[in-house]
Amino acid sequence: MHTTVNPLPMLPAARPGVMGPVVMGIVNVTDDSFSGDSLNGDAARAVARARAMAAAGAGIIDLGAESTRPGAAPVSPQQEIDRLLPVLDGLKDLGIPVSVDTRNAATMRACSAAGAALLNDISALEGAGSLQAAAESGLPVVLMHMQGEPGSMQQAPHYEDVVAEVEAYLAARVAACAAAGIVRERIILDPGIGFGKTADHNLALLRALPRLHGLGCPLLVGVSRKSLIGAVLRDAGRDDPGPAGRLPGSLALAVWAAQQGAAILRVHDVAETVQALTLWRAVAAAESGVQKS
Ligand code: 9MG
């Protein structure tokens with residue numbers, strides 16, 4: 001039997017006395033993920049990876065079948081569904097929520113019927129029929145900010161005031177959701193680090209996480225292995241080791257986001273992130289006297 005686990009009670013605001021973000025492990029059933037962890041549609045390996053992440057302390061698994069790296073080619077909803085459903089089926093008894101990363105209404109419908117617990121949409125439900133599909137699913141949703149489209153978004157990102165513009169966009173999408181029947185309590189917001197943004201834009205947004213909390217929804221932050229890390233290293237006169245070598249930078253940014261109150265961290269390296277957060281939590285709890293686990 002399929003057990004759909006609701007992710008909302010796991011988020012920090014719903015766990016008084018327990019600190020810090022939930023770790024969301026990334027499982028890409030794509031053939032060209034930027035991070036070098038693609039599973040080429042291999043459902044059995046995807047299921048095994050998700051189980052290993054759950055055992056390592058992930059609180060949510062985010063399953064995706066379309067690469068969102070800059071320059072990536074889109075996949076059809078049918079291809080996406082064909083890749084995702086066997087994995088969802090293999091994770092029926094996982095015991096932690098499985099999120100589906102998709103921009104397609106048809107995929108949202110198919111995956112919610114197959115046991116997905118959360119819809120993660122990098123286009124904030126702007127796609128045709130997506131608001132309605134998400135509303136009808138009854139599932140919580142992640143609304144992410146992106147300037148442009150994955151294919152071209154890094155060509156010339158431009159903002160007058162990146163924080164104000166991202167904040168206004170997310171507020172408008174929360175309002176669009178409300179009009180479609182998706183209540184604020186079901187919404188998680190994401191500034192979209194790396195999606196149509198320069199390194200300076202990304203750094204400004206990471207500093208502005210406390211301000212974005214003013215939108216009244218939990219925040220998801222995805223920094224794992226992203227090119228921001230390489231750009232900052234190059235700026236500091238160091239080599240960029242490429243996505244697979246960016247774990248230390250990913251952990252530093254994960255701890256920063258935790259300190260700023262992020263509710264969910266979307267990561268490739270679950271065990272390492274859980275270890276970093278455990279130490280951060282121990283120090284933070286020692287200061288405040290709050291319970292450690
Ligand atoms: C699918 N995907 C890739 N990066 C992401 C990020 O930063 N946030 C969310 N919500 N999804 C992402």
Suppose we keep only residues that are out of contact with any Pro (no Cβ under 9 Å at 6 or more places or on another chain) and of a type in the set (Asp, Glu) within the range 51-88. Which one would you say is farthest from residue 118 (Cα to Cα)? 82
Over 19 Å from residue 164 (Cβ atoms) and within 16 Å of the ligand (Cβ to nearest atom): does that describe residue 220? yes
I'd like the full set of residues that are open to solvent by less than 50 Å² (accessible area, probe 1.4 Å) and β-branched (Val, Ile, Thr), limited to the range 217-276. 221, 223, 229, 255, 264, 267, 270, 273, 274
Count - residues of the range 111-127 that are of a type in the set (A, V, I, L, M, F, W, C) and either open to solvent by 50 Å² or more (accessible area, probe 1.4 Å) or in a helix (DSSP H, G or I) (or both): 2
Collect the residues in the range 128-144 that are buried (at least 19 other Cβ atoms within 10 Å of the Cβ) and touching a helix residue (DSSP H, G or I) at 6+ places or on another chain (Cβ under 9 Å), keeping them in residue-number order. 130, 131, 133, 134, 137, 139, 140, 141, 143, 144
Scan the range 113-122 and tell me whether some residue there is modelled with pLDDT of 95 or more and in contact with a Pro (Cβ under 6 Å, 6 or more places away or on another chain). yes
Check whether at least one residue in the range 33-52 is touching a strand residue (DSSP E or B) at 6+ places or on another chain (Cβ under 6 Å), modelled with pLDDT of 90 or more and within 14 Å of the ligand (Cβ to nearest atom), and report yes or no. no
Which numbered condition residue 157 fails, given (1) touching a helix residue (DSSP H, G or I) at 6+ places or on another chain (Cβ under 7 Å); (2) open to solvent by less than 10 Å² (accessible area, probe 1.4 Å): (2)
Selection over the range 133-168 where residues are without any contact (Cβ under 8 Å) to a residue 24 or more places away in the chain and part of a helix (DSSP H, G or I) yields a count of 3
Which of the residues belonging to the range 95-111 are under 19 Å from residue 264 (Cβ atoms) and of a type in the set (Gly, Ala, Ser)? 95, 99
Name the single residue, out of those in the range 95-122 being away from the ligand (no atom under 16 Å from the Cβ) and touching a residue at least 60 places away in the same chain (Cβ under 8 Å), that is nearest to the chain's Cα centre (by Cα). 96
Pairs needed: first member in the range 19-30, in contact (Cβ under 8 Å) with a residue 40 or more places away in the chain; second member anywhere, open to solvent by less than 10 Å² (accessible area, probe 1.4 Å) and among the charged types (D, E, K, R); C-beta distance under 6 Å; at least 6 residues apart or different chains. 24/62; 26/62
Is there any pair with a first residue in the range 185-212 that is at positive phi and a second that is of a type in the set (Lys, Arg) whose Cβ atoms are under 7 Å apart and which are 6 or more apart or on different chains, and what are they? 194/226
Of all residues in the range 169-207 being of a type in the set (Asp, Glu) and in a helix (DSSP H, G or I), which is least open to solvent (accessible area, probe 1.4 Å)? 200
Could you list, in sequence order, the residues of the range 147-168 that are within 14 Å of the ligand (Cβ to nearest atom) and modelled with pLDDT of 95 or more? 166
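The values are calculated or read from the model by the stated rules, or taken from the named source; none is laboratory data. Only a predicted model underlies this, so the values are computations on that prediction, with no experimental measurement involved. Positions of Cβ are backbone-derived with ideal geometry, glycine not excepted, and every protein chain shown enters the neighbour counts. What goes into the accessible areas is simple: the full protein's heavy atoms, side chains included, and nothing from ligands, DNA or RNA. Shrake-Rupley method; radii C 1.70, N 1.55, O 1.52, S 1.80 Å.
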